[in-house]
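The values are calculated or read from the model by the stated rules, or taken from the named source; none is laboratory data. Predicted, not measured: the structure shown is a model, and the values here were computed from it. For neighbour counting, all protein chains shown are included, and Cβ atoms are generated from backbone atoms with ideal geometry for every residue, glycine included.
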Amino acid sequence: MTETKKELTTSDQLKLQLAGDYLKQVTNYFSGDKEKAMRFVTSIMQSVRKIPKLYQCDRMSLLNAFMTMAQLGLMPSDVSGEAYVIPYDNNKKIDGKFVKVLEAQFQLGYPGIVTLLYRAGNREVIAELVREHDKFSIQRGKIFHEVDPRKTKAQRGAWIGAYSIIVTATGGTIEGYMAKDDILAHAQKFSKSFNSDYSPWKEENDPEGWMPRKTVLKQTSKLAPKNEILMQALAEDNKDSIIADRLEAAKKDSEALSMGNILKHGKENQDKAGSEDQSANGPTDAEGPQDKPSAHGPIVNIG
């Protein structure tokens, strides 16, 4: 009696992929720490189970998103909130037509930026929400925030803004503040995953308000000392932004323009060579003396 071979589920297929060469690569990213690498791989499966739609994503985009996380030395959101992988529809040109492709996108979390800023040598990183009943002021660029510890979150009121302070290795401070409306407008304008059901911008997905803090901290960190890993992390996080799409479109336009110039100049050179040959042989039957080039160059009529 022959046994029927059981077909692997999508979850089993992903496990097998991760248990192979990807586990070796993750172990390398975590400096040979096999235990940490196994925790990371386990966290991937937990993240995907929590958001089953990730199973439907283009498999390479899913694996690449998690490998980016491992390369940066961060853990998936279910463990630490340092980074997320979110499914979203991406318009891609395939065989000359634009089609929607479900892809997985890496997104840096607020704790992830904090972790990387400390690794870059900064002494202190602070990012807090400001609530309507807090005592808050900004004087000559310095932020002052006072909270009554006896008040609950509800008693402090709804959040009205967020600020961040980075103390550098030399003791200098970089401070920034954004109002709530500005933060949400910025997110809605630039984040491709803002309206996704799985977006960390959804209040039910972010009860602690990490994303507003991240937005302000990310702006402030532009002026802070950074290492290569932090710059790479911010660049990867920007791929969730429509700015990345604009840069890619500008790059393609630039390449097309360069190719257009090459073709244009090539045609101009051919026309010039043909004109010189005709000049050397005298005018053709269709040309009269008035068609001969002027000593001062060709005459251009502007009508």
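Looking at (1) among the hydrophobic types (A, V, I, L, M, F, W, C); (2) in contact (Cβ under 8 Å) with a residue 60 or more places away in the chain; (3) touching a strand residue (DSSP E or B) at 6+ places or on another chain (Cβ under 7 Å), which one does Met178 not meet, given that it meets all the others?
Of (1) among the hydrophobic types (A, V, I, L, M, F, W, C); (2) in contact (Cβ under 8 Å) with a residue 60 or more places away in the chain; (3) touching a strand residue (DSSP E or B) at 6+ places or on another chain (Cβ under 7 Å), only one is false for Met178: (2).
So if I check each of Gly161, Gly112, which one is modelled with pLDDT under 95, within 19 Å of Leu217 (Cα to Cα) and either touching a helix residue (DSSP H, G or I) at 6+ places or on another chain (Cβ under 8 Å) or part of a loop (DSSP other than H, G, I, E, B) (or both)?
Gly112
Mind listing whichever residues of the stretch 172-187 are among the small types (Gly, Ala, Ser), crowded, with 16+ Cβ neighbours inside 10 Å and in a strand (DSSP E or B)?
Gly176, the sole residue that qualifies.
Looking at the stretch 26-41 only, could you name the residues that are exposed (fewer than 15 other Cβ atoms within 10 Å of the Cβ) and either polar (S, T, N, Q) or in contact (Cβ under 8 Å) with a residue 60 or more places away in the chain (or both)?
Asn28, Ser31
Being in a helix (DSSP H, G or I), buried (at least 19 other Cβ atoms within 10 Å of the Cβ) and under 15 Å from the mean Cα position of the chain (by Cα) is the filter here, so list the residues in the stretch 188-217 that pass it.
Met211, Lys214, Thr215
Condition (residue is surrounded by 18 or more Cβ atoms within 10 Å (Cβ to Cβ) and either among the hydroxyl-bearing types (Ser, Thr, Tyr) or within 21 Å of Glu228 (Cβ to Cβ) (or both)) applied to the stretch 122-144: is it met by at least one residue?
yes
Of the conditions (1) touching a residue at least 40 places away in the same chain (Cβ under 8 Å); (2) crowded, with 18+ Cβ neighbours inside 10 Å, Thr10 clears all except one; give me its number.
All conditions pass for Thr10, except number (2).
In the list Asn28, Asn64, which residue meets the criterion of being part of a helix (DSSP H, G or I) and either over 21 Å from Ala104 (Cα atoms) or touching a His at 6+ places or on another chain (Cβ under 8 Å) (or both)?
Only one candidate qualifies: Asn28.
Out of Pro52, Pro87, which single residue is under 24 Å from Ser199 (Cβ atoms), in contact with a Phe, Trp or Tyr (Cβ under 7 Å, 6 or more places away or on another chain) and not aliphatic (A, V, I, L, M)?
After applying the criteria, what remains is Pro87.
Which numbered condition trips up Phe144, out of (1) outside any strand (DSSP E or B); (2) modelled with pLDDT of 95 or more?
Going through the list (1) outside any strand (DSSP E or B); (2) modelled with pLDDT of 95 or more, Phe144 breaks only (1).
Spot the failing condition for Val85; the list is (1) outside any helix (DSSP H, G or I); (2) not assigned by TED's automatic domain parsing to the domain that holds Leu23, and only one is missed.
Unmet condition: (2).
Which numbered condition in (1) out of contact with any helix residue (DSSP H, G or I) (no Cβ under 7 Å at 6 or more places or on another chain); (2) free of Cβ contacts under 8 Å to residues at least 60 places away in the same chain is the only one that Ser196 fails?
If we test Ser196 against (1) out of contact with any helix residue (DSSP H, G or I) (no Cβ under 7 Å at 6 or more places or on another chain); (2) free of Cβ contacts under 8 Å to residues at least 60 places away in the same chain, just (2) comes out false.
Of the residues Pro87, Pro76, Pro111, which is within 15 Å of the chain's Cα centre (by Cα), surrounded by 15 or more Cβ atoms within 10 Å (Cβ to Cβ) and not basic (Lys, Arg)?
The conditions single out Pro87.
Can you go through Leu223, Leu234, Leu230 and tell me which one is modelled with pLDDT of 90 or more, closer than 30 Å to His145 by Cβ and part of a loop (DSSP other than H, G, I, E, B)?
Residue meeting the stated conditions: Leu223.
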